[in-house]
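Novice: Here's a structure for you.
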Amino acid sequence: MIRSLLFFPGNNPNMLINASALLSDALIFDLEDAVSPAEKDAARILVRNTLRYMDHGSAETVVRINSVDTAYWRSDVQAIIPERPSMLLLPKVGSASDVRELECEMARVEAECGMEVGSVGIIALIETALGVENAFQIATSSPRVRALFLGAEDLTADLRCKRTKEGREIEYSRQRLVVAARAAGIDVYDTPFTDVNDDEGIIKDAMLARALGFSGKAAISPRHVGAINDAFSPDEAEIEYAFEVIEAIERAKAEGKGAIALRGKMIDAPIVARAERTIEMARALGLGRRKA
């Protein structure tokens, strides 16, 4: 389960060395925007060696490669796939064909290395108007696609609008990606909150992302990881209510009742499904039920 995804510049050895200590569920080693063309080769080697020699514990390892319309992405795949990252993050995905082009190259390199073909996943980074419009086709373009990821900075530039903290300009895109991802049965991650000094702002933005249905949220600052993890974790009240729902349903079954109310509200299938997800998440995070 990934709640937080923290970016690390692929050309910064000090940050890469300390990545596993920052409590993010996923670590994104960036070979794209954070790295100038002159440093691409050096960053690729540095990220490769980080994956090869560093222990990242339980964190998922993700590498943002360069987009398929550049001269760099095939070298990224050739260097990174043998180190068995959890996923590649493909930027500027505009259509399903972008994913399929990457998929073919990944399969070729996996086969060369004696790896099981399909073992490394793909996160599709949606950061153009075309990508938003094609979100469902992208989400279903390959079994490797594990998630969609909204990139609001490039998206708002493409939309020719100002990026704001309030985020009204990306409301439609957020909702469109959540619907597309859920329809495809995959995860979906929200764009980073870019003001690293606004502690209240990141809490509000992360809570909004969860309310919209996102699986988690990316960060560009370690300072934001705790707020994101908290926002996407069930609290004690949610966990307690989830257990009460399941217990109420079990009592109803034992008593042969077809319907049951809890706290003045009828318990139906969506509420039960939500409760089951909450309990599953709580157990995955090692969170216990509140004691009476």
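Novice: Here is a list: Ala129, Ala183, Ala139, Ala96. Which entry is assigned by TED's automatic domain parsing to the domain that holds Arg223, aliphatic (A, V, I, L, M), closer than 26 Å to Ile228 by Cβ and touching a Ser or Thr at 6+ places or on another chain (Cβ under 9 Å)?
Specialist: Details: Ala129 fails: closer than 26 Å to Ile228 by Cβ; Ala139 fails: touching a Ser or Thr at 6+ places or on another chain (Cβ under 9 Å); Ala96 fails: closer than 26 Å to Ile228 by Cβ.
None of the others qualify; the one that does is Ala183.
Novice: May I pose another question? Select from region 8-27 the residues that are surrounded by fewer than 23 Cβ atoms within 10 Å (Cβ to Cβ) and either part of a loop (DSSP other than H, G, I, E, B) or outside the structural domain of Lys40 (by TED's automatic domain parsing) (or both) and list them in ascending order.
Specialist: Asn11, Asn12, Asn18, Leu23, Asp25
Novice: Look at Phe232 and say whether it is among the hydrophobic types (A, V, I, L, M, F, W, C) and touching a Gly at 6+ places or on another chain (Cβ under 7 Å).
Specialist: The answer is yes for Phe232.
Residue-wise test of (1) β-branched (Val, Ile, Thr); (2) under 29 Å from Ala180 (Cα atoms); (3) in contact (Cβ under 8 Å) with a residue 40 or more places away in the chain.
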residue: Ala218; (1), (2), (3): no, yes, yes
residue: Ala227; (1), (2), (3): no, yes, no
residue: Pro234; (1), (2), (3): no, yes, yes
residue: Ile239; (1), (2), (3): yes, yes, yes
residue: Glu244; (1), (2), (3): no, no, no
residue: Glu250; (1), (2), (3): no, no, no
residue: Ala254; (1), (2), (3): no, no, no
residue: Ala261; (1), (2), (3): no, no, no
residue: Asp268; (1), (2), (3): no, yes, no
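Novice: Does region 57-67 hold any residues that are surrounded by 18 or more Cβ atoms within 10 Å (Cβ to Cβ) and over 26 Å from Pro37 (Cβ atoms), and which are they? Give the steps one after another, and end with the answer.
Specialist: The initial filter retains those residues of region 57-67 that are surrounded by 18 or more Cβ atoms within 10 Å (Cβ to Cβ), namely 59-67.
Passing the criteria: Ala59, Glu60.
Novice: Could you grab me the full set of residues in region 44-72 that are assigned to a helix (DSSP H, G or I) and touching a strand residue (DSSP E or B) at 6+ places or on another chain (Cβ under 8 Å)? Quick ask: steps written out before the conclusion?
Specialist: At the first step, the residues of region 44-72 found to be assigned to a helix (DSSP H, G or I) are 44-53.
Residues satisfying the conditions are Val47, Thr50, Leu51.
Novice: For Thr278, are the conditions met, namely being of a type in the set (S, T, N, Q) and not assigned by TED's automatic domain parsing to the domain that holds Met87? Working first, answer last.
Specialist: Numbers: of a type in the set (S, T, N, Q): yes; not assigned by TED's automatic domain parsing to the domain that holds Met87: yes.
The answer is yes for Thr278.
Novice: I need a count of the residues in region 124-165 that are among the small types (Gly, Ala, Ser) and without any contact (Cβ under 8 Å) to a residue 24 or more places away in the chain. I'd like the intermediate steps shown before the answer.
Specialist: Our first condition is that a residue be among the small types (Gly, Ala, Ser); within region 124-165, this holds for 124, 129, 131, 135, 139, 141-142, 147, 151-152, 157.
After this cut, where a residue has to be without any contact (Cβ under 8 Å) to a residue 24 or more places away in the chain as well, the list is 157.
The qualifying residues number 1.
Novice: Could you list, in sequence order, the residues of region 160-174 that are closer than 19 Å to Gly131 by Cα and not charged (D, E, K, R)?
Specialist: Cys161, Gly167, Ile170, Tyr172, Ser173
Novice: Can you tell me which residues in region 98-135 are among the polar types (S, T, N, Q) and farther than 18 Å from Ser67 by Cα?
Specialist: Here is the first cut: in region 98-135, the residues among the polar types (S, T, N, Q) are 119, 128, 134.
The one that is among the polar types (S, T, N, Q) and farther than 18 Å from Ser67 by Cα: Ser119.
Novice: Looking at region 230-268, which of the residues that are of a type in the set (A, V, I, L, M, F, W, C) and under 30 Å from Asp25 (Cα atoms) is nearest to the chain's Cα centre (by Cα)? Talk me through it step by step, then tell me what you get.
Specialist: Start the filter on region 230-268 by keeping residues that are of a type in the set (A, V, I, L, M, F, W, C), which leaves 231-232, 237, 239, 242-243, 245-246, 248-249, 252, 254, 259-262, 266-267.
After this cut, where a residue has to be under 30 Å from Asp25 (Cα atoms) as well, the list is 231-232, 237, 239, 242-243, 245-246.
Working: Ala231: 14, Phe232: 12, Ala237: 25, Ile239: 23, Ala242: 24, Phe243: 27, Val245: 29, Ile246: 29 Å.
So the residue we want is Phe232.
Novice: Quick check on region 28-43: of everything there that is of a type in the set (A, V, I, L, M) and part of a loop (DSSP other than H, G, I, E, B), which residue is surrounded by the most Cβ atoms within 10 Å (Cβ to Cβ)? Reasoning before the result, please.
Specialist: Looking only at region 28-43, we keep the residues that are of a type in the set (A, V, I, L, M), and these are 28, 31, 34-35, 38, 42-43.
Filter once more, keeping what is part of a loop (DSSP other than H, G, I, E, B): 31, 34-35.
Working: Leu31: 29, Ala34: 19, Val35: 23.
Among residues in region 28-43 that are of a type in the set (A, V, I, L, M) and part of a loop (DSSP other than H, G, I, E, B), the one surrounded by the most Cβ atoms within 10 Å (Cβ to Cβ) is Leu31.
This table checks each residue for (1) buried (at least 16 other Cβ atoms within 10 Å of the Cβ); (2) outside the structural domain of Glu153 (by TED's automatic domain parsing); (3) in contact with a Lys or Arg (Cβ under 7 Å, 6 or more places away or on another chain).
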| site | (1), (2), (3) |
| --- | --- |
| Gly216 | yes, no, yes |
| Tyr241 | yes, yes, no |
| Glu244 | no, yes, no |
| Ala252 | yes, yes, no |
| Gly256 | no, yes, no |
| Ala259 | no, yes, no |
| Asp268 | no, yes, no |
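Novice: Assuming Glu83 fulfils every condition listed in (1) touching a Leu at 6+ places or on another chain (Cβ under 6 Å); (2) crowded, with 19+ Cβ neighbours inside 10 Å apart from one, which condition is it?
Specialist: Checking Glu83 against (1) touching a Leu at 6+ places or on another chain (Cβ under 6 Å); (2) crowded, with 19+ Cβ neighbours inside 10 Å, the one that fails is (2).
Novice: Can you pull out the helices (runs of 4 or more DSSP H) entirely within region 214-292 that have at least 3 residues that are on the phi < 0 side of the Ramachandran plot and modelled with pLDDT under 90? Can you show your working first?
Specialist: On the way: elements: 225-231, 236-254, 269-284.
Per the criteria, 236-254, 269-284.
The values are calculated or read from the model by the stated rules, or taken from the named source; none is laboratory data. These numbers come from a predicted model, not from an experiment. Heads up, the Cβs are rebuilt from the backbone with ideal geometry, glycines too, and the neighbour counts pull from every protein chain shown.
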